[in-house]
Amino acid sequence: MKVSNVARLAGIVTAGAALAALGVVALAPIETRAQTPGPLKIAVMDGFSGVYGDLTAGEVEAMQLAIDDVGGKVLGRSVEILSADHQTKPDIGASIARKWYDEGVKMITGLGTSSVALAVRKVSQEKGQIDINTGAASADLTGPACSETGAHWVYDTYALAHVTGEAMVKAGGDSWFFLTADYAFGHALERDVSEVVKAAGGKVLGAVRHPLSTQDFSSFLLQAQASKAKVIGLANAGMDTVNSIKQAGEFGIVKGGQKLAGLLVFATDVQSLTLPVAQGLVLTEAFYWDLNDETRAWTKRYRAKKDKLPSMLTAGVYSSTLHYLKAVQAAGTDEPKAVMAKMRELPVNDVMTKNGKLREDGRLVRDMYLFQVKAPSESKGKDDIYTLVATVPGDQAYRPMKDGKCPFVKG
């Protein structure tokens, strides 16, 4: 005969009373005992293949370094890493994020490709979970698409525009033509640099947009060359930047007097290009392995795990993960809003960032660096690629919070 839930409960109560009379303490039913918490699950999602694959290699290893630096555990719990390739497709990125959050992942970092980052941001907001963008560039992530549980860590289109763009205009580059990746990131970068150029009294003579992962830039470069603009702004990234610079060399664009502005260039790009091709290029970075003793020591540790020059993306994954884990420890919980409150309260101090401040809109305000690529004669080895031109304080590099139009930021 089937026993009802009420009868079962009555039996448990009667048995418990009998045991108590004998002086025996009954254990709570298994399902009500305090459960030992499982591992803290965190994840890194990025374009590990395709156009940005060379930039993102090593992010899992960088995340592990951050876990090592907190002793491998937080609040007595081990830390588990999940990773996935979103293939630069927003629908895939959103689907992975939803699955991860449903499986107990508490934080996702990486998220290069702005279209993917914006799609994942919507899922994170819906689930009330933390996403920390280290690779996406669109400044909209701390503007109209800002989130109370989201952060933008390494750079954005506003900072790239103001550091590289202003330097080029001041050096006489007062007329521009853009070669732009035709998606959210490229559009935002072209928009933000155009505003800088015009504010400084320069002119934008035009733009041409190319599909992501273009192999042949000839028709686009011919339009840029025909514009006679002093500066051709490359509002693209990864292999698109590498290929456009290489092919610009084949067309003799720089020899003809026009300058190329790499608006989002990484150390790994420069090594792919080689110094004879990239020499003289002016660019903005948030990290360089050879800045000081601390960056050199960290790079040595990183290369023991991944024998590759770290980019600001890999350093950004390390930095964001380390700060997140410190905040969990300080908050005494992995509850997202409590952790984010601690992330904003605590200064960010690590190998990439000194006395950084995470603002209410999610923007990490930190110094940015303007570099120039060395000539082969100036380099002491294959990794010696940059000369530091200027250090730009974070409050000058990043958009003022009041101008971002973040919906929940008052005033």
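Here are a few things to note about the model shown:
- Where labels lie 7 Å past Cα in the beta-carbon direction, separation of E250 and A171 in nm: 2.5 nm
- Eligible lysines near K228 by straight Cα distance, threshold 21 Å, same-chain separation 8 or greater: K170, K198, K203, K246, K255, K259
- Per residue, in Å², the accessible surface of region 262-411 once ligands and nucleic acids are set aside, probe 1.4 Å: 42 Å²
- In percent, rounded to a whole number, the relative contact order of region 109-149 is 50, using alpha-carbon pairs under 8 Å and six or more apart.
- With the simple model of a label 7 Å out from the Cα in the direction of the Cβ, S78 to K402 spans 5.1 nm.
- Hydrodynamic radius by Kirkwood, which averages 1/r over all alpha carbon pairs of the chain, in angstrom: 22.7 Å
- Choice from F371, F251, F266 showing the highest fluctuation, given a GNM over the chain with Cα pairs closer than 10 Å: F251
- CD proxy at 222 nm, helix term only [per DSSP H run n ≥ 4: -39500 (n - 2.57); per residue of the chain; nearest 500]: -11500 deg cm²/dmol
- Leading residue at positive end of dipole, the chain (Cβ point charges), from A139, A199, N243: A139
- Taking each residue as 0.36 nm, the span from A330 to D293 lengthens on full extension beyond its C-alpha to C-alpha distance by 10.5 nm.
- Computed over region 79-186, Cα set: Rg, Dmax in Å: 15.8, 54
- Net charge dipole size for the chain [Lys, Arg +1 and Asp, Glu -1 on Cβ; Debye, nearest 20]: 500 debye
- A straight line joining the Cα centroids of region 36-65 and region 128-188 runs 22 Å.
- Counting only DSSP beta bridges whose two residues both lie in the chain, roughly 30 percent are antiparallel.
- Annotation: extensible slack from S379 through K354 equals 6.2 nm (criterion: 0.36 nm per residue apart, minus Cα-Cα distance).
- Across all C-alpha atoms in region 300-411, the radius of gyration and Dmax reach 17.4, 53 Å.
- Annotation: peptides 40-51, 73-84, ranked by per-residue average of other Cβ atoms within 10 Å with the highest first, follow the order 40-51, 73-84.
- Accessible area per residue, Å², region 31-127 with all protein chains present, probe 1.4 Å: 41 Å²
- Cross-link pairs exceeding 31 Å in C-alpha to C-alpha distance, out of K305/K354; K41/K300; K73/K382, comprise K73/K382.
- Surface composition of the chain: carbon and sulfur atoms hold 54% of the protein heavy-atom accessible area at a 1.4 Å probe.
- Contact order normalised by residue count of the chain, Cα under 8 Å, 6+ apart, percent: 17 percent
The values are calculated or read from the model by the stated rules, or taken from the named source; none is laboratory data. These numbers were taken from a predicted model, which means no experiment stands behind them. When we count neighbours, we look across all protein chains shown, and the Cβ atoms used for this are built from the backbone with ideal geometry, even at glycine. Heavy atoms of the whole protein, side chains included, go into the accessibility calculation; ligands, DNA and RNA do not. Shrake-Rupley method; radii C 1.70, N 1.55, O 1.52, S 1.80 Å.
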